[in-house]
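Asks: Got a structure for you, questions after.
The values are calculated or read from the model by the stated rules, or taken from the named source; none is laboratory data. Worth saying up front: this structure is predicted, and the values here are computed from it rather than measured. Neighbour counts run over all protein chains shown; Cβ positions are idealised from the backbone, glycine included.
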Amino acid sequence: MRMLEVSDLGHTYQGKDGAHTAIDGLGFSVEAGELVCVVGPSGCGKSTLLRTIAGLVRPTSGRVMLHGTPVDGVPSDLAVVFQDYSRSLFPWMSVTRNVEFPLRKLSRRKRAARAAEALSAVGLGKAGRKYPWQLSGGMQQRVAIARALAYRPALLLMDEPFASVDAQTRFELEDLLLRVRREQDTTILLVTHDIDESVYLGDRVLVLSKSPATVVADLDVPLGPVRDQIGTRASGEFVDLRARVAGMLQGNTPVGAR
Amino acid sequence: MIGLAGFFALWEAASRTGLVPDYYLRPPSVVLPTLVRLLGDNHFQRALVATVLATLIALVIATAIAVPAGLLLGSVPVVRRAVMTLVEFLRPIPSVAIIPLAVITVGSGPETKIGLAVYAATWPILFNTMYALDEIDPLHVQTARAFGVRRLSVLTRVALPSAAPFVLTGVRLALALSLGVVISTEFFTGGTIGLGQYAMEAAEGTNMMAEVLATTVLAGALGLGANAALEWAHRKAFAWSLPRGGER
């Protein structure tokens, strides 16, 4: 089943010093159950793309279809994990309350059950009563991931989710994401500027051009569902793929576009 | 506390050495026992209750007006642009300056002092609420929006809790103002009971300066106590908003 279809998407900001086209004629699709990474140079419009899919920004052209329905406003079965966990979690709520935040339509008991389940899935089963600012950065981002998972979205959008944590924590969170996604069969679109991360995590990698962003290449990542930080990153396929992505990002002729 | 003790010591010294005639400025060693005696006096007790009650009622009314108004002004730029000039015109008018007008038009009942205190107390709460809304993290709003929270609900689920510590600070500022205005109005209005009126009547008697000063000290103590209570509530309820010195 086709979960997401983006066709001919464009967005132009009207700024003080003229118009700025962030994305232009972008098109791709994501199948249900896939984890697709979008990688592109800094400032190429990746975040705009993501916010457009989330219905937070209205595109100036083109359209976004979420399981067959055009996106107009914020879709009800979509969750976003932002890069800046410290600003995306609500500091006045406990960890549990944060995770329960999107579940207000459920009964109190169901909310509590879902939150507990999501928190234990990210290894924070005992932190529910703490406040976000009492946790480390990596743990805060786990809370943000738990909040998104508890919502059980059809599509999970992640905007540079691991860019603000240290390298060790990033590896842990990447593996956490792969595990959770195997267990819960979530469809994920993850935006990153980190080439290695995009290849390590993705079933597919979409390479974007410099601003205004267009899709330069759409690469399959044949590394299988189970990956390993040391073994996978050392494998020939990984090394080869990351070199191809790096080459394309540096503006060499696109190869392998399909 | 040291500052307060020093102030009383200085006052005692000034009065004892004759720096100021002690007929007018009775020393604390006379004033404080007078205050203790007054606190046991039925007439004085009623005055105290009347003043405290009027202050609290004014504070509650002012909060009920200023918080929704602040939310409105803080979140709808059109409304804000439309009424800000009026607000900036009214705000600098000290409520003490309109006491005579209010006494003549409204009368000298408790509604006058409460009304004037509401006027004074509304501004700090209104401005703190409004500016707190300007400071809301746009990512908090986007997060809520992305989880399908509608714009109006964002106001109550995100904006209000996020602004709450600033609102409480506004209430704290408003409390002192409200108390001051209530007592000032009581000075002017003969028909009402309250600490201000009690001090006024005491001043007309002979050799009653100790009672006037005792009432003044009590007004200060009330403000101090109420402020401490609100600060405590702030620390309890809004621990998340306190500076944490980089500790994570």
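Listed here are the residues, each with its yes/no results for (1) part of a strand (DSSP E or B); (2) surrounded by fewer than 20 Cβ atoms within 10 Å (Cβ to Cβ).
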| site | (1), (2) |
| --- | --- |
| A:HIS20 | yes, yes |
| A:ILE23 | yes, no |
| A:GLY27 | yes, yes |
| A:GLY33 | no, yes |
| A:VAL36 | yes, no |
| A:CYS44 | no, no |
| A:THR48 | no, no |
| A:ARG58 | no, yes |
| A:PRO91 | no, yes |
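For every residue, the table says whether it meets (1) more than 14 Å from every other protein chain (Cβ to nearest Cβ); (2) under 20 Å from B:VAL217 (Cβ atoms).
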| position | (1), (2) |
| --- | --- |
| B:PRO124 | yes, no |
| B:ASN128 | yes, no |
| B:ALA132 | no, no |
| B:ILE136 | no, no |
| B:VAL149 | no, no |
| B:ALA159 | no, no |
| B:ALA164 | no, no |
| B:GLY170 | yes, no |
| B:VAL181 | yes, yes |
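Asks: Of everything in the stretch B:133-162, what is closer than 23 Å to B:PRO243 by Cβ and in contact (Cβ under 8 Å) with a residue 60 or more places away in the chain? Give them in sequence order.
Replies: B:LEU133, B:ASP134, B:ALA159, B:LEU160
Asks: Please list, ordered by residue number, the helices (runs of 4 or more DSSP H) wholly in the stretch B:147-216 having 1 or more residues that are crowded, with 23+ Cβ neighbours inside 10 Å and modelled with pLDDT of 90 or more. Steps first, please.
Replies: Numbers: elements: B:151-154, B:160-188, B:195-204.
Ranges flagged: B:160-188.
Asks: Still on this structure, I have one more. Quick test of your reading of the structure: A:MET139 fulfils all but one of (1) at pLDDT 90 or above; (2) within 14 Å of chain B (Cβ to nearest Cβ); (3) closer than 22 Å to A:GLY33 by Cβ. Name the failing condition by number.
Replies: Going through (1) at pLDDT 90 or above; (2) within 14 Å of chain B (Cβ to nearest Cβ); (3) closer than 22 Å to A:GLY33 by Cβ one by one, A:MET139 breaks only (3).
Asks: Name every residue in the stretch A:71-89 that is among the hydrophobic types (A, V, I, L, M, F, W, C), at the interface with chain B (Cβ under 9 Å from one of its Cβ atoms) and not in a loop (DSSP other than H, G, I, E, B), in order of residue number.
Replies: Applying the first criterion (among the hydrophobic types (A, V, I, L, M, F, W, C)) to the stretch A:71-89 yields A:71, A:74, A:78-82, A:89.
Imposing the further condition that a residue be at the interface with chain B (Cβ under 9 Å from one of its Cβ atoms) reduces the set to A:74, A:78-80, A:82, A:89.
Answer for the stretch A:71-89, where residues must be among the hydrophobic types (A, V, I, L, M, F, W, C), at the interface with chain B (Cβ under 9 Å from one of its Cβ atoms) and not in a loop (DSSP other than H, G, I, E, B): A:LEU78, A:ALA79, A:VAL80.
Asks: Then there's this: Determine whether B:ILE65 is modelled with pLDDT of 90 or more, in a helix (DSSP H, G or I) and surrounded by fewer than 20 Cβ atoms within 10 Å (Cβ to Cβ). Give the steps one after another, and end with the answer.
Replies: Working: modelled with pLDDT of 90 or more: yes; in a helix (DSSP H, G or I): yes; surrounded by fewer than 20 Cβ atoms within 10 Å (Cβ to Cβ): yes.
In short, yes.
Listed here are the residues, each with its yes/no results for (1) within 16 Å of the chain's Cα centre (by Cα); (2) surrounded by fewer than 21 Cβ atoms within 10 Å (Cβ to Cβ); (3) of a type outside the set (A, V, I, L, M, F, W, C).
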position	(1), (2), (3)
A:GLY125	no, yes, yes
A:TYR131	no, yes, yes
A:TYR151	yes, no, yes
A:LEU201	yes, no, no
A:ARG204	yes, yes, yes
A:LEU208	yes, no, no
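Asks: Among the candidates A:LEU66, A:LEU50, A:LEU89, single out the residue that is more than 17 Å from A:ILE145 (Cα to Cα), within 20 Å of the chain's Cα centre (by Cα) and of a type outside the set (D, E, K, R).
Replies: On the way: A:LEU50 fails: more than 17 Å from A:ILE145 (Cα to Cα); A:LEU89 fails: more than 17 Å from A:ILE145 (Cα to Cα).
Sole residue among the options that is more than 17 Å from A:ILE145 (Cα to Cα), within 20 Å of the chain's Cα centre (by Cα) and of a type outside the set (D, E, K, R): A:LEU66.
So that you can scan it fast, the table gives a plain yes or no per residue for (1) under 20 Å from A:GLU5 (Cα atoms); (2) among the charged types (D, E, K, R):
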| position | (1), (2) |
| --- | --- |
| A:TYR151 | no, no |
| A:PRO161 | no, no |
| A:VAL165 | no, no |
| A:LEU173 | no, no |
| A:VAL180 | no, no |
| A:LEU206 | yes, no |
| A:ALA213 | yes, no |
| A:ASP218 | yes, yes |
| A:ARG227 | no, yes |
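Asks: Name, by its number, the condition in (1) over 22 Å from the mean Cα position of the chain (by Cα); (2) in a helix (DSSP H, G or I); (3) hydrophobic (A, V, I, L, M, F, W, C) that does not hold for B:ILE136.
Replies: (2)
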